[in-house]
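Colleague: Starting off with a structure, shown below.
The values are calculated or read from the model by the stated rules, or taken from the named source; none is laboratory data. Only a predicted model underlies this, so the values are computations on that prediction, with no experimental measurement involved. Because the Cβ atoms are built from the backbone with ideal geometry, glycine has one as well, and the counts that use them run over all protein chains shown. We work out accessible area using only protein heavy atoms, side chains counted, and drop any ligands, DNA or RNA first. Shrake-Rupley method; radii C 1.70, N 1.55, O 1.52, S 1.80 Å.
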Amino acid sequence: MSRSVKLATAAALGVVMIALLPVVSGAQQKQAKASVEQPAPKPPVKLGLGRPALPEEIQAWDIDVRPDGQGLPPGKGTAKLGDAIFQEKCTICHGEFGEGVGRYPVLSGGLGTLKADRPDKTVGSYWPNATTVYDYIRHAMPFGSARSLSNDEIYSLVAYILSMSDVIKDQDFELNEKNLAAVEMPNANGFYEDDREVSEKQFWKANPCMKDCRAAPKVIGRAMAVDVTPDNKAGPKVD
Amino acid sequence: MSNEPTADLLNRRRFLSVAGLAGAGAVLPTIAQAGEAPKPDPLITEVQDWNRYLGDGVDKRPYGVPSKYEKHVVRRDVSWLTASPESSVNFTPLHELDGIITPSGVCFERHHGGIAEINPADHRLMIHGLVEKPLVFTMDDIKRMPRVNKVYFLECAANSGMEWRGAQLNGCQFTHGMIHNVMYTGVPLKLLLDEAGLKPNVKWLMLEGADSAGMNRSLPIAKALDDVLIAFAMNGEALRPENGYPLRAVIPGWQGNLWVKWLRRIEAGDQPWQTREETSKYTDLMPDGRARKHTFVMDAKSVITNPSPQAPLKFKGRNVLTGVAWSGRGTVKRVDVTLDGGRNWQAARIDGPVLDKSLVRFYVDFDWNGEELMIQSRAIDETGYVQPSKDELRKVRGVNSVYHNNGIQTWLVRGNGETENVEIG
């Protein structure tokens, strides 16, 4: 059998030649340029891999919640109920009043500190959206027993945490899937899009100085003087 | 005498224990007394055990590990940084490495809920949301798709974050070790998205991990379609569990937190999710009390890894200064090095591959006469961005932005070779 006949047979049998498959996008190739020339990317052709996701499967995994409320499950809770759940499931790490045990995160206080020398970034002082509290607890808390809380328990815990910073004042206020997204956070307007390419454009310099660039430097701070030995609790914190 | 050792043993011992690194350093060479006739080296004149007796046979080490003499080359953590080891970080021993590839076993780790141990046969990747056809992929499906190989750095946005207020940690492992650089094998995310068929109004994706933190992040669609990979291998073998086995996202040049490990779900949407990791964390608080968000790109940065506090100078005369540089905006064009605290700079020699969004390795081969040095490096990338000084950064950002500290690092090398993390003014 000649080569062309073989290819024709393969095609007739429905064997898709690898060359027809899409390969990589333009930027994907940027790195390759440094080494070898690559063929141009092909237009997308379906590979036919994967299978349809069933509605029950999507429902089981689709646990995210957006600022507009998309993803909030039906349910309800109050700060009062949340207090009881919090005392049982959360205080061991976050403290009775959300003050944080040891280096565990602080969940209360911090309002008005964002311009301070040592800001306290908490749910109440920093987080722009109340929905994030729901999304996060639903994904990750309690630490070590994730995905164990009911939807109602999470509404109550969110209400309780928001009540710690007076975002919710009434202990009996019912938080639910219809009103959570409307809760306004104190720092809702505290964020703006990355602007480094404008606000730091001075870091793009044509000819950085090479000779006699500055006066003789002096040491003004030393790591060994700070002496943050690995078990010193007073050291700085990584987020 | 050119190879005279310069650090005295006592000083060095004390210094190592202050840095919490006793026993980690190399043994100092013995001092040859001036005037004495040179004695023959018994390591040469006497037959050594390894020269006489048989060593281990081939089956003793089915998966090889480094020599027992390299036991000090390990990831280290700083335990007071975080509340629990399951939501914590350790650091790559940059001062022990060379070239541009980080060996898989010493790639720094950052987990938010510990290491998920997942049998690849049990792993699924779901793509849903604003797509024509929501899909589920097995690892087998993913390995039947066209794949590519790319070397990229991954830097945690909080790398050097402890140094905003001044020199804190005494070692480049701790100041700069939240970075690694490996070769990934994976499928362009675009191919997977094409299978599901994106609806025209898709602007953002949400990536989510299968670990107990359920790490989730929003990713702009333009980046997703550009160079993002869904990787199953690093450095030629399956991902390590610490690095997301069996499947992780690779988001070249962007902050490490976006590179979701144990990736199990991608949802397409028309707005960002504002998850905890893109609001409470990974936002940069400015002096006016407002914060930058979506600061994805890692600015150009470099660090001298040798000499450095954990790797002091040991000899006068000939020495090799080396380090690494990188940029999230593309390739590194040049690295400058100063030995006098920034008064005069010289271009370092870059050796090895120079790849898009990958570490480069640089060297300055120099003679040292025992004078005090203040050494720094500064990276310049293909966009013309020049790594700024720490003070230049603080002028814009203050000291509370935690993330993206790419300021120039200073090491002070003393006359005895001891090297310290310092701040100069």
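Colleague: Please go through the stretch A:82-101 and pick out each residue that is closer than 21 Å to A:LYS169 by Cα, open to solvent by 30 Å² or more (accessible area, probe 1.4 Å) and part of a loop (DSSP other than H, G, I, E, B).
Modeller: Residues satisfying the conditions are A:GLU96, A:PHE97, A:GLU99.
Colleague: Output the number of the condition that B:GLY328 fails; it satisfies all remaining conditions of (1) open to solvent by 20 Å² or more (accessible area, probe 1.4 Å); (2) outside any strand (DSSP E or B).
Modeller: Single failed check for B:GLY328: (1).
Colleague: Testing B:MET162 on (1) facing chain A (nearest Cβ under 8 Å); (2) hydrophobic (A, V, I, L, M, F, W, C); (3) in a strand (DSSP E or B), one condition comes back false. Which one is that?
Modeller: It is condition (3) that B:MET162 fails.
Colleague: Name the single residue, out of those in the stretch B:369-402 being buried (at least 17 other Cβ atoms within 10 Å of the Cβ) and without any contact (Cβ under 8 Å) to a residue 40 or more places away in the chain, that is nearest to B:VAL413 (Cα to Cα).
Modeller: B:PRO388
Colleague: Right, next: Only one of B:ILE100, B:ILE115 is part of a loop (DSSP other than H, G, I, E, B) and surrounded by 21 or more Cβ atoms within 10 Å (Cβ to Cβ); which?
Modeller: B:ILE100
Colleague: Give me a count of the residues in the stretch B:194-212 that are under 23 Å from A:VAL65 (Cβ atoms) and either open to solvent by 10 Å² or more (accessible area, probe 1.4 Å) or assigned to a helix (DSSP H, G or I) (or both).
Modeller: Matching residues across the stretch B:194-212 total 10.
Colleague: Between residues in the stretch A:150-173 that are within 18 Å of A:ASN129 (Cα to Cα) and residues that are assigned to a helix (DSSP H, G or I) and open to solvent by 10 Å² or more (accessible area, probe 1.4 Å), which pairs lie under 6 Å by C-beta distance while being six or more apart or on different chains?
Modeller: A:ILE154/A:ILE137; A:ILE154/A:ARG138; A:SER156/A:LEU81; A:SER156/A:ILE85; A:LEU157/A:ILE85; A:LEU157/A:ILE137; A:TYR160/A:ASP83
Colleague: Looking only at the stretch A:183-215, which residues are more than 7 Å from chain B (Cβ to nearest Cβ) and under 13 Å from B:GLY342 (Cβ atoms)?
Modeller: Within the stretch A:183-215, A:CYS209, A:ALA215 qualify.
Colleague: Now, a different point. Of (1) within 8 Å of chain A (Cβ to nearest Cβ); (2) of a type outside the set (Lys, Arg); (3) open to solvent by less than 10 Å² (accessible area, probe 1.4 Å), B:LEU225 satisfies all except one. Which?
Modeller: Going through (1) within 8 Å of chain A (Cβ to nearest Cβ); (2) of a type outside the set (Lys, Arg); (3) open to solvent by less than 10 Å² (accessible area, probe 1.4 Å) one by one, B:LEU225 breaks only (3).
Colleague: Right, something else. Suppose we filter the stretch B:193-214 for residues that are more than 8 Å from chain A (Cβ to nearest Cβ) and touching a helix residue (DSSP H, G or I) at 6+ places or on another chain (Cβ under 8 Å); how many remain?
Modeller: So the answer is 7.
Colleague: Follow-up question, since we're still on this one. Can you name the residue in the stretch A:139-150 that is buried (at least 18 other Cβ atoms within 10 Å of the Cβ) and not hydrophobic (A, V, I, L, M, F, W, C) and is also nearest to A:HIS94 (Cα to Cα) among such residues?
Modeller: A:PRO142
Colleague: In this structure, is B:ASP336 surrounded by fewer than 17 Cβ atoms within 10 Å (Cβ to Cβ), within 13 Å of another protein chain (Cβ to nearest Cβ) and more than 28 Å from B:TYR184 (Cβ to Cβ)?
Modeller: no
Colleague: Residues that are within 8 Å of chain B (Cβ to nearest Cβ) and over 26 Å from B:MET206 (Cβ atoms): does the stretch A:155-175 have at least one? Explain how you work it out, then say what you get.
Modeller: Residues of the stretch A:155-175 that are within 8 Å of chain B (Cβ to nearest Cβ), as a first pass: none.
Looking through the stretch A:155-175, none of the residues is within 8 Å of chain B (Cβ to nearest Cβ) and over 26 Å from B:MET206 (Cβ atoms).
Colleague: Right, here's the next one. Please indicate, with yes or no, whether at least one residue in the stretch B:305-320 is buried (at least 24 other Cβ atoms within 10 Å of the Cβ), out of contact with any helix residue (DSSP H, G or I) (no Cβ under 7 Å at 6 or more places or on another chain) and in a strand (DSSP E or B).
Modeller: Checked the stretch B:305-320: no residue is buried (at least 24 other Cβ atoms within 10 Å of the Cβ), out of contact with any helix residue (DSSP H, G or I) (no Cβ under 7 Å at 6 or more places or on another chain) and in a strand (DSSP E or B).
Colleague: Inside the stretch A:113-129, can you point out the residues that are assigned to a loop (DSSP other than H, G, I, E, B) and in contact (Cβ under 8 Å) with a residue 12 or more places away in the chain? Explain how you work it out, then say what you get.
Modeller: In the first step, residues of the stretch A:113-129 are kept if they are assigned to a loop (DSSP other than H, G, I, E, B); the result is A:113-122, A:127-128.
Across the stretch A:113-129, the qualifying residues are A:THR113, A:LEU114, A:ASP120, A:THR122, A:TRP127, A:PRO128.
Colleague: To continue, here is another question. Might you let me know whether the stretch B:295-307 holds any residue that is more than 9 Å from every other protein chain (Cβ to nearest Cβ) and among the hydroxyl-bearing types (Ser, Thr, Tyr)?
Modeller: Yes, the stretch B:295-307 has at least one match.
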